[in-house]
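Accompanying notes for the structure given below.
The values are calculated or read from the model by the stated rules, or taken from the named source; none is laboratory data. Computed from a predicted model, the values in this text were never measured in an experiment. In this analysis, Cβ positions are derived from the backbone assuming ideal geometry, glycine residues included, and neighbour counts consider all displayed protein chains.
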Amino acid sequence: MASTLVLAVVFVLDVIAFALAIAAEQRRSSAKLAIDKSNMNYCVYSSDRATGLGMGSFLFLLASQLLIMVASRCLCCGRGLRYGISRTWAIVLFIICWVTFIIAEVCLLAGSARNAYHTKYRTLISSNPPSCQTLRKGVFGAGAAFIVFTGIISELYYVNYSKASISSMSPYDGDTGVRMGNI
């Protein structure tokens, strides 16, 4: 059967990653245009907390995924799985789990990188003000949504993997007893 400790630790890591992603969405950098002493326009950015929060969420989700994959031996290493519906669901959920994980990680990484990028130039040649670009709303929110999907699917994957694992069979499951047909 599935280890309750592994499921609990993965759940806690996913909740922390989700909370950090939501906090990063709330604390995205904002920018405003300012004028220096020589009448040149430049951008002034607010604090850069969202980058750290996004990277923290990235790392907690990565730790959660690594724990599930190590506990299940990444489906490809170790003993084989018993045939049946649990094996089928384990394989399907394994693939979906990796897809949602990659989408969540890309959202968090791209959001953190884009939030950390600040335009540092001034208007020396042109009279147009600089574009004070900031991260679009919803990038960390999308990452948070995929963290939830990844958490649910990875735990379902682990439970189905544990049900289909050969090591969970009793030593007498394959033995049908004394065969009377040969006598």
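Tabulated results
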item	result
Residue match in the stretch 20-29 (condition: of a type in the set (A, V, I, L, M, F, W, C), at negative phi and in contact with a Cys (Cβ under 9 Å, 6 or more places away or on another chain))	yes
Test set (1) assigned to a loop (DSSP other than H, G, I, E, B); (2) without any contact (Cβ under 8 Å) to a residue 60 or more places away in the chain - residue 88 fails condition number	(1)
Qualifying residue in the stretch 45-64 (condition: part of a strand (DSSP E or B) and touching an Asp or Glu at 6+ places or on another chain (Cβ under 7 Å))	no
Qualifying positions in the stretch 70-105 - under 19 Å from residue 143 (Cα atoms) and either of a type in the set (S, T, N, Q) or loosely packed, with under 15 Cβ neighbours inside 10 Å (or both)	95, 99, 100, 102
Test for residue 140: is it modelled with pLDDT of 80 or more, of a type in the set (Phe, Trp, Tyr) and under 30 Å from residue 33 (Cα atoms)	yes
Positions within the stretch 5-35 being over 14 Å from residue 154 (Cα atoms) and part of a helix (DSSP H, G or I), in sequence order	5, 16, 17, 18, 19, 20, 21, 22, 23, 24, 25, 26
Breaking point among (1) under 25 Å from the mean Cα position of the chain (by Cα); (2) surrounded by fewer than 22 Cβ atoms within 10 Å (Cβ to Cβ); (3) farther than 27 Å from residue 160 by Cβ; (4) not acidic (Asp, Glu), for residue 40	(1)
